[in-house]
Amino acid sequence: MRMFAYVYMSTSEETVMTTTDLEDAVAAAGEAAAENTVPQKEKMVLIAASGDLDKAWPVMILATTGAAYGMDVTVFFTFWGLGILKRPDAGITGDDWRQKMMSVFKKGSPDGLQLSTMNFGGIGAKLMKDLADDKKVASVQELLELAQGMGVKLWPCQMTMDLMGLTIDDMIPGLDQPAGAGSAISLMKEASISLFI
Amino acid sequence: MADKVVDARGLQCPMPVIKVAQGINEITSGQTLEVIATDNGALSDIPAWSKDMGHSLKEQFSQEGEHHFIIEKS
């Protein structure tokens, strides 16, 4: 309102102001008001670089909690972190024998993650998941679905996908377009919370 | 009596906070939300969330291992 009053006063005092100037000023004031009424959401960026269950879990806990805080949350999955997003039935992936070998030894999938220590060939991970189930701790799989429902953006890293021979069809549905380090930096420059996990 | 009740009993971090955030979206400004949780982490998490989101925590008490929070939506 103050802006409009100012425009009005200046036109009455300075007769040199044309109708076009006035229209421009009114449009600018309108834009400024529109910017003020739509508050920019705070941003949170998480880099999920590990496919270990004990890292993927806190990533998804923080992502969903950030969304509960009304933040605009993006999780960027890179290197072994991509495994979190692999479809359980992706099977052997890639064209190169090295990619194929990696996909055999590092299966991934939200439900198939292993512990970084005390894994004991998968027994440790199984015990941890059973324990979490008993204690009603939401699983990585559940948190991932919850995060998607809350509007958390899940970005697979394009370069790691190419390196490992993964295509978007090898990944769980509902992901955002694969992106690179530039997009991650661009977001982190504006984010109030950025974490590498 | 609160306008809406969220039962987060038995749920662990981060679920109580997420349930509260979902519950607050279903009431209007000035209405109240009661949250019942058994997670001891909620004792600090829910007041922190309410403060940061600008809602006021009207009442908080614990009885028989259950924590009650009454939040008024801003």
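The values are calculated or read from the model by the stated rules, or taken from the named source; none is laboratory data. This one's a predicted model, so the numbers in the text were calculated from it and none came from an experiment. Quick reminder, even Gly has a Cβ in these numbers, built from the backbone with ideal geometry, and neighbours come from all protein chains shown. Surface accessibility is based on the protein's heavy atoms, side chains included, excluding ligands, DNA and RNA. Shrake-Rupley method; radii C 1.70, N 1.55, O 1.52, S 1.80 Å.
Got a sec? Which of B:Ser50, B:Ser74, B:Ser62 is polar (S, T, N, Q), in contact with a helix residue (DSSP H, G or I) (Cβ under 9 Å, 6 or more places away or on another chain) and closer than 14 Å to A:Thr65 by Cα? Steps first, answer last, please.
On the way: B:Ser74 fails: closer than 14 Å to A:Thr65 by Cα; B:Ser62 fails: closer than 14 Å to A:Thr65 by Cα.
Residue meeting the stated conditions: B:Ser50.
Residues B:Asp3, B:Asp7, B:Asp39, B:Asp45: which one is over 10 Å from the mean Cα position of the chain (by Cα) and open to solvent by 30 Å² or more (accessible area, probe 1.4 Å)? Show your work before the answer.
Values: B:Asp7 fails: over 10 Å from the mean Cα position of the chain (by Cα); B:Asp39 fails: open to solvent by 30 Å² or more (accessible area, probe 1.4 Å); B:Asp45 fails: over 10 Å from the mean Cα position of the chain (by Cα).
Sole residue among the options that is over 10 Å from the mean Cα position of the chain (by Cα) and open to solvent by 30 Å² or more (accessible area, probe 1.4 Å): B:Asp3.
Please go through segment A:106-149 and pick out each residue that is aliphatic (A, V, I, L, M), more than 14 Å from chain B (Cβ to nearest Cβ) and surrounded by fewer than 17 Cβ atoms within 10 Å (Cβ to Cβ). Outline the logic, then answer.
Step one: of segment A:106-149, the residues aliphatic (A, V, I, L, M) are A:113, A:115, A:118, A:123, A:125, A:127-128, A:131-132, A:137-138, A:140, A:143-144, A:146-147.
Those left that are additionally more than 14 Å from chain B (Cβ to nearest Cβ): A:113, A:115, A:118, A:123, A:125, A:127.
Passing the criteria: A:Met118, A:Ile123, A:Leu127.
Touching a Leu at 6+ places or on another chain (Cβ under 9 Å) and assigned to a helix (DSSP H, G or I): does that describe A:Ile61?
For A:Ile61, the condition - touching a Leu at 6+ places or on another chain (Cβ under 9 Å) and assigned to a helix (DSSP H, G or I) - is met.
Do the conditions hold for A:Leu53, that is, is it modelled with pLDDT of 65 or more and under 13 Å from the mean Cα position of the chain (by Cα)?
Working: modelled with pLDDT of 65 or more: yes; under 13 Å from the mean Cα position of the chain (by Cα): no.
In short, no.
Could you give every pair whose Cβ atoms fall below 6 Å, whose first residue belongs to segment A:52-68 and is under 17 Å from A:Lys153 (Cβ atoms), and whose second residue is in a strand (DSSP E or B) and at pLDDT 95 or above, counting only separations of at least 6 or pairs across chains?
A:Val59/A:Leu46; A:Val59/A:Ala48; A:Ala63/A:Leu46; A:Ala63/A:Val73; A:Ala63/A:Val75; A:Gly66/A:Met44; A:Gly66/A:Val73; A:Ala67/A:Val73
For A:Cys157, all conditions in the list (1) out of contact with any strand residue (DSSP E or B) (no Cβ under 8 Å at 6 or more places or on another chain); (2) at pLDDT 95 or above hold save one; what is the number of the exception?
Among (1) out of contact with any strand residue (DSSP E or B) (no Cβ under 8 Å at 6 or more places or on another chain); (2) at pLDDT 95 or above, A:Cys157 violates only (1).
Yes/no per residue for (1) touching a helix residue (DSSP H, G or I) at 6+ places or on another chain (Cβ under 7 Å); (2) aliphatic (A, V, I, L, M):
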{"residue": "A:Asp133", "(1), (2)": "no, no"}
{"residue": "A:Val137", "(1), (2)": "no, yes"}
{"residue": "A:Val140", "(1), (2)": "yes, yes"}
{"residue": "A:Gln158", "(1), (2)": "no, no"}
{"residue": "A:Asp169", "(1), (2)": "no, no"}
{"residue": "A:Met188", "(1), (2)": "no, yes"}
{"residue": "A:Ser194", "(1), (2)": "yes, no"}
{"residue": "A:Ile197", "(1), (2)": "yes, yes"}
